[in-house]
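The values are calculated or read from the model by the stated rules, or taken from the named source; none is laboratory data. Predicted, not measured: the structure shown is a model, and the values here were computed from it. Cβ atoms come from the backbone with ideal geometry, glycine included; neighbour counts cover every protein chain shown.
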Amino acid sequence: MLKAIETTTGAPMRKFLVILDDSRECLNAMRFASLRAEHTSGGIEVLSVIPPDEFNHWIGVGDIMREEARERIVAHFEVFAKWMRDKHGLEPHLVIREGEPVTEILAQVTEDPEIGVLVLGASAEGKGPGPLVTQLARSAGSLPVPITIVPGTLSKEQLEDIA
């Protein structure tokens with residue numbers, strides 16, 4: 001079992017798990033998680049999941065595509081990480097998993113006892129909250145942590161006010 005990181009007060013530090021993907025709602029989820037972590041002396045864990053259908057090719061091509069996907073994720077993460085360090089004084093941690101996104105998110109929440117809150121961004125496009133929110137909401141009752149769903153329509157100022 002992992003030992004919780006301790007803050008200067010001796011209390012275990014809670015990590016906010018936020019999902020890094022190509023969705024527009026990801027940005028508001030990152031902002032909210034960063035603000036909450038800063039205000040509560042928490043940490044940030046960023047999870048990105050590489051779906052298995054991206055590698056249904058010959059083995060050599062699949063390996064190259066997997067490595068390229070990892071490089072894209074790390075580059076994308078570094079943009080957020082720099083912003084979190086510079087603006088909020090946070091040092092986020094990146095986790096990359098391969099598999100079905102919902103399955104891997106649930107596994108990460110279950111396996112890491114330091115995660116205190118799962119932060120998801122809801123789509124602002126009026127077609128529902130998005131596939132991750134819809135699917136994970138079905139599992140909310142059995143998760144060991146609460147889910148915070150951040151509306152995609154909130155402005156930076158609104159996020160700052162509520163966080």
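Are any of the residues in region 100-107 more than 16 Å from Val46 (Cα to Cα) and in a loop (DSSP other than H, G, I, E, B)?
Yes: region 100-107 contains one or more residues that are more than 16 Å from Val46 (Cα to Cα) and in a loop (DSSP other than H, G, I, E, B).
Here are some residues: Ile149, Ile73, Ile115. Which one is touching a strand residue (DSSP E or B) at 6+ places or on another chain (Cβ under 7 Å), touching a residue at least 60 places away in the same chain (Cβ under 8 Å) and of a type in the set (A, V, I, L, M, F, W, C)?
Answer to the selection: Ile115.
Could you tell me whether region 127-135 includes any residue that is charged (D, E, K, R) and under 23 Å from Pro51 (Cα atoms)?
Looking for residues that are charged (D, E, K, R) and under 23 Å from Pro51 (Cα atoms), one finds at least one in region 127-135, hence yes.
Applying the selection to region 4-23, what residues are at pLDDT below 85 and on the phi < 0 side of the Ramachandran plot?
Passing the criteria: Ala4, Ile5, Glu6, Thr7, Thr8, Thr9, Ala11, Pro12, Met13.
Give the residues of region 91-108 that are modelled with pLDDT of 95 or more and buried (at least 19 other Cβ atoms within 10 Å of the Cβ), sorted by residue number.
Result: Pro92, Glu104, Ile105.
So, in region 87-99, exactly how many residues are within 12 Å of Glu38 (Cβ to Cβ) and either assigned to a helix (DSSP H, G or I) or not charged (D, E, K, R) (or both)?
The qualifying residues number 5.
Please go through (1) in a helix (DSSP H, G or I); (2) closer than 17 Å to Asp22 by Cα for Asp161 and return the number of the only condition it doesn't satisfy.
(2)
Among the residues of region 117-133, is there at least one that is out of contact with any Asp or Glu (no Cβ under 9 Å at 6 or more places or on another chain), among the β-branched types (Val, Ile, Thr), surrounded by 13 or more Cβ atoms within 10 Å (Cβ to Cβ) and modelled with pLDDT under 95?
Among the residues of region 117-133, not one is out of contact with any Asp or Glu (no Cβ under 9 Å at 6 or more places or on another chain), among the β-branched types (Val, Ile, Thr), surrounded by 13 or more Cβ atoms within 10 Å (Cβ to Cβ) and modelled with pLDDT under 95, which makes the answer no.
Could you list all residues from region 134-152 that are outside any strand (DSSP E or B) and surrounded by fewer than 19 Cβ atoms within 10 Å (Cβ to Cβ)?
Thr134, Gln135, Ala137, Arg138, Ser139, Ala140, Gly141, Ser142, Leu143, Pro144, Val145, Pro146, listed by residue number.
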